[in-house]
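Participant: Structure incoming, see below.
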Amino acid sequence: MTHHAKGKPPRVGDNPLFRRILLTVVLLLVALMIIAPLVVIAVEAFSRGIGYFAKSIADPDTRHAILLTVVTALIAVPINTAFGVAAAWAITKHDFPGKRLLTVVIEIPFSVSPIVAGVSYLFVFGLQGLFGHALEAAGIKILFALPGIVLASMFVTAPFVARELIPLMQAQGRDLEEAATSLGASGWRTFLSVTLPNIKWAMLYGVVLCNSRVMGEFGAVSVVSGNIRGQTNTLPLHIELLYHDYNAAGSFAAASILAGLAIVTLLAKVALERQGAGRVQRPAALVGADSITPEVKP
């Protein structure tokens, strides 16, 4: 029996029957939309035995797709991390004309379809695009090659790190940085000794999400890559190609790699959340000022 404090109305969901129904609905949705697809991937990946699974993963085209996906992530994620930190620093620590516009522009990839982003790159870097003829004359190939795949991946994942850092750095304010600079610390010293320790978990949180999205991106990459087997197919594109070739076991074997990445990403996300990432916290006090005090030479 549920008891309520005297004079206080019951909260929404206090009814035991309502709670049971709500919990049942949530568990059913989780089972149908999340657990069931993962189970199907695991079952189908090994449906023809572990030998065929290993053979599918060892296939040259599959290995190339995995390598291309990893290389793309190794290029795109660090660049977007640097961009996110720089953008968050500029927006939260400085005042300048167009500050709100910059914040809106950073959010654009979340509101634009990845397919549209890929098509826009065709009109910019394609042969008939804005820079197409100049790039061809210079012998530079952007589309249907690694640079185009990296650019498309960078576009769709550009906001992840910045979006994690901006609310946190806004809540922290500028007091610590101003204290550091008043004590004579340089800009880099202030960033490395004061700002970075306070944002490291949120930054890693954004990096994990960014990396997961880069490795799983399909729409934008499918437009700019050309879907050339063994050359420009990333792992998600290769999975679709295998499925269209009626190689269901091979496609599910390749898909199991992405499913494994999703599980690792989830575990990393939970671990970082325990460290405080994803939560906006204001520093309790100006601490550690002595650590950034420059040495005074006579």
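Participant: Out of everything in the range 85-103 that is closer than 18 Å to THR195 by Cβ and charged (D, E, K, R), what residue ends up being least open to solvent (accessible area, probe 1.4 Å)?
Facilitator: LYS93
Participant: Follow-up question, since we're still on this one. Got at least one residue in the range 198-213 being more than 23 Å from ALA88 (Cβ to Cβ), touching a residue at least 40 places away in the same chain (Cβ under 8 Å), assigned to a helix (DSSP H, G or I) and open to solvent by 30 Å² or more (accessible area, probe 1.4 Å)?
Facilitator: No, there is no match, as no residue in the range 198-213 is more than 23 Å from ALA88 (Cβ to Cβ), touching a residue at least 40 places away in the same chain (Cβ under 8 Å), assigned to a helix (DSSP H, G or I) and open to solvent by 30 Å² or more (accessible area, probe 1.4 Å).
Participant: Condition first: under 15 Å from LEU168 (Cβ atoms) and either part of a loop (DSSP other than H, G, I, E, B) or open to solvent by 40 Å² or more (accessible area, probe 1.4 Å) (or both). Now tell me which residues in the range 184-197 satisfy that.
Facilitator: Of everything in the range 184-197, those that are under 15 Å from LEU168 (Cβ atoms) and either part of a loop (DSSP other than H, G, I, E, B) or open to solvent by 40 Å² or more (accessible area, probe 1.4 Å) (or both) turn out to be LEU196, PRO197.
Participant: Give the residues of the range 142-185 that are out of contact with any helix residue (DSSP H, G or I) (no Cβ under 7 Å at 6 or more places or on another chain) and over 26 Å from GLY206 (Cβ atoms), sorted by residue number.
Facilitator: ALA145, SER182, GLY184
Participant: Still on this structure, please answer the following. Check every one of the helices (runs of 4 or more DSSP H) wholly within the range 36-146 and list those with 2 or more residues that are farther than 23 Å from ILE263 by Cβ and β-branched (Val, Ile, Thr).
Facilitator: Fully inside the range 36-146 and qualifying: 60-93, 99-106, 114-125.
Participant: Also, quick follow-up: For the structure I just gave you, tell me whether ILE79 is of a type in the set (Val, Ile, Thr), out of contact with any Pro (no Cβ under 6 Å at 6 or more places or on another chain) and either under 27 Å from ALA255 (Cβ atoms) or at pLDDT 95 or above (or both).
Facilitator: Here the answer is yes, as ILE79 does meet what is asked.
Participant: Can I ask one more? Within the range 244-264, identify whether any single residue is modelled with pLDDT under 85, within 27 Å of GLY118 (Cα to Cα) and either assigned to a helix (DSSP H, G or I) or of a type in the set (S, T, N, Q) (or both), and answer yes or no.
Facilitator: Within the range 244-264, one or more residues are modelled with pLDDT under 85, within 27 Å of GLY118 (Cα to Cα) and either assigned to a helix (DSSP H, G or I) or of a type in the set (S, T, N, Q) (or both).
Participant: Considering only the range 131-144, I want to know if a residue exists there that is β-branched (Val, Ile, Thr) and farther than 30 Å from ILE199 by Cβ.
Facilitator: yes
Participant: Output yes when any residue across the range 113-131 is open to solvent by less than 30 Å² (accessible area, probe 1.4 Å) and free of Cβ contacts under 8 Å to residues at least 12 places away in the same chain, and no when none is.
Facilitator: Within the range 113-131, one or more residues are open to solvent by less than 30 Å² (accessible area, probe 1.4 Å) and free of Cβ contacts under 8 Å to residues at least 12 places away in the same chain.
The values are calculated or read from the model by the stated rules, or taken from the named source; none is laboratory data. It should be emphasised that the depicted structure is a prediction, and the values quoted were computed from it without experimental measurement. Every residue, glycine as well, gets a Cβ built from its backbone with ideal geometry; the counts of neighbours run over all protein chains shown. Please note that ligands, DNA and RNA were not included when accessible areas were found on the heavy atoms of the full protein model with its side chains. Shrake-Rupley method; radii C 1.70, N 1.55, O 1.52, S 1.80 Å.
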